[in-house]
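In what follows, a structure is listed as structure tokens, so that the remarks can point back to it.
The values are calculated or read from the model by the stated rules, or taken from the named source; none is laboratory data. If you're wondering where the values come from, they're calculated on a predicted model, not measured in any experiment. Reconstructed Cβ throughout: ideal geometry from the backbone, glycine too, with neighbour counts over all protein chains shown. The accessibility values were calculated without ligands, DNA or RNA, using every heavy atom of the protein model including side chains. Shrake-Rupley method; radii C 1.70, N 1.55, O 1.52, S 1.80 Å.
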Amino acid sequence: MTAEMRRSSVAAVPIKNIERELICPICKELFTHPLILPCQHSVCHKCVRELLMLNHDDSFDAGSECSLPGSPRSRVPSPSMERLDRLVRSGSISSPGWRRGSVTPRVTTIPCPGCQHDIDLGERGISMLFRNFTLENIVERYRQAARAAVAIMCNICKPPNQQEATKSCMDCKASYCNECFKLHHPWGTPKAQHEYVGPTTNFRPKVLMCPEHEMEKVNMYCEVCKRPVCHLCKLGGSHANHKVTSMSSAYKILKEKLAKSIHYLISKEDQVRTQITELELLISQTEENGQLAERQANEHFERLFETLQERRSEMLRSIEQSRNRRMEQLKSQVEEYQGMLENSGLVGYAQEVLKETDQSCFVQTAKQLHVRIQKATDSLRTFHPAADTCFDEFVLDTSREETLLKEMCFGGVPDPPLIDLSQSKVYNEASICWRLADDHLPTDQHVLEYRRLVGPSQSPSKEDGEDGGLWRATDRVYGSNTIVNDLEPDSLYSFRVRSCRNSMFSPYSPEVAFHTPPAPVFGFLLSDKCGFSAERLVLNKRRDTVESVAGAAFLLAAERVQTGSYISLDYIIGDTGISQGRHYWAFKVEPHSYMVKVGVASDTKILEWFHNPRDTSSPRYDHDSGHDSGSEDACYEVSQPFILLTLGMGKLFIPKASSSTANPPASDPGNRVLPMPQRLGICLDYDSSRVFFYDADTMRCIYERQVDCSGTMFPAFGLMGSGKVQLEDFITAKRLTF
């Protein structure tokens, strides 16, 4: 693209349309003397100083500054930029946060308002920052375009005859009309050589000077710090070891990149307009959906209010009915008792009956009256109110409902958790761990689901359905991990988890697949009894980690070493043997280990190793030394009472395969040296007399071999030089018993 095309592309953007790019992120006004921060964002000079003051809560004693509310521009006075720069550079003013003669360390770290990263301004504070003159010029052009009719007046003419300026001198930093310019820049004088431009109020220096070496011009560009530097910065300053390029080269490259990027954006204008239309549609849909959500929320709450109002009315009606009934009962009882008083009611009536002299008439009336008098007499002896005054049956316990209402979720669906592959382990039991998003809100519980994808037959599981197995869920989990029991061996399981907050469930986490071991886990510890060499092996207290230490004993033995031989291995075995069945165990070998042999050995072979010690041994003596010797091939044709695989220096060495080995890839010399797995697993099938070695992370079989299981077989480890072996936690954990 030619320079003319670039200029036309840039000029196609009206100056009035770029206001949002010219606003300071702190004061939200047009930039005034912007400074470039190390992160390449620009901030007003005064805003940076105010930000330093606020960040360190320290006063800046260089004028009548105050800390009133409002923008930084209203809190800081406006001395001339040149005078302020001279004061800062000369040391008359120190950066906020540090005073001269103070024992307090100088701190000049502020958060960038653009990217929110902490910016260290260094020892000299804001005096080390460049002014963004290009941005100043653009702001000035924007101001001129915005005010249009407001002209820049000559600084020399005096009112009322002040003329409009036609030129501005960058050396004199003043604007002139034609007559005043000729008067102050006569031909034949040095002033006639001054640089002049169109009328402006923004006067920039003719040459950009280095803020660290004030008398030096910047002539190079540091590609590490992304800023201009001078030759002194490169020779012995802070950029001595940085890669720099010439200013012309940096100018050409950056301008070319910027022009291409601008041309690309302009060429995609139709696409941008289409995307703007889509965004405007999304804004409209968001507004409509928000209003719909408001209506639905109002409807839900109205239904709740109606239900509560109905229940309230029903309950108040029941209380009123019960109250009226009890009042009537108590009032009737009061009337009955009032009748027992003399000359009133029942007693008065009885007294009148007693005046009857006719016997037959008296008997006829007195019989019923006597019954009533007797009841009244009995009620006096056993007084009971006719109704209960307590309304306990109408007392409501709404604590549960109040809790549910308070826990109503208005924060949206929680973010899905992620299963942590580094912390999760799957054996006969699965220990699954997960982590939540960094900005997540507290969750109430989690639900872990799992299903079996592939069974021991290496085909999709049929017992749970044709879709590869139905999902099964664990009980509610209130932490960030759980245990899944009773997994099938040699099967592929998929796991997923989701969170719940206020009865709202998150989406499921991405599914993660784990392969269970091919056999039940064999639990054991390392034995510190049988043949253990405490001089050269260090066993921890838990007896799950052993480390080989090349100490003085190793050096003394090295005196007897001759060419073609090496010092013998130091063996350690498990404290439990195997005499039947299939068993699996796993462990880690440190990558820096020099040589470690791992596998199984019979009790008779172990006794032979421990009771017939030798100082040195030929590489051809051990059947799996990691060397390509013919004796190894010959020995492997016959089943041995042990098998050991060699690891060391970050590698795993596969023995040469014989015709009876069911491992075709191992016959290829290129496949005999493999990267050391992070975790190695061993499976011993005692009944079939075979040993399998696995990459414990992927459960991929690396090597398998026939072994003579004529006696009790033990896990065996041999170390030489520096090395370390650590059993997996599930082997030694008491809860995992199989």
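Brief remarks on what is shown
- Shape class of the stretch 249-394 from the alpha-carbon gyration tensor: prolate, with a/c at 1.5 or above and a/b greater than b/c.
- Residue-count net charge about GLU590 - beta-carbon cut-off 15 Å; Lys, Arg +1, Asp, Glu -1: +2
- The stretch 249-394: Lys pairs at Cα distance under 28 angstrom, eight or more positions apart or on different chains: 10
- Above 19 Å, the calculated P(r) of the stretch 202-269 contains 44 percent of its Cα-Cα pairs.
- When peptides 582-593, 370-381 are sorted by average Cβ neighbour count within 10 Å, with the highest value leading, the order is 582-593, 370-381.
- For the stretch 249-394, the solvent-accessible area with a 1.4 angstrom probe is 85 square angstrom per residue.
- Computed in the context of the full set of protein chains, the accessible area of the stretch 249-394 at 1.4 Å probe radius has 55% of its extent on carbon or sulfur.
- Summary of packing: across the peptides 308-316, 330-338, 417-425, 508-516, the per-residue average of other C-beta atoms within 10 Å ranks them, highest first, as 508-516, 417-425, 330-338, 308-316.
- Here the dipole of the stretch 249-394 is about 620 debye; that uses its Cα centre as origin and unit charges on the Cβ of Lys and Arg (positive) and Asp and Glu (negative).
- Given charges at Cβ of Lys, Arg, Asp, Glu: the stretch 249-394 dipole, positive-most of ALA293, CYS390, THR377: ALA293
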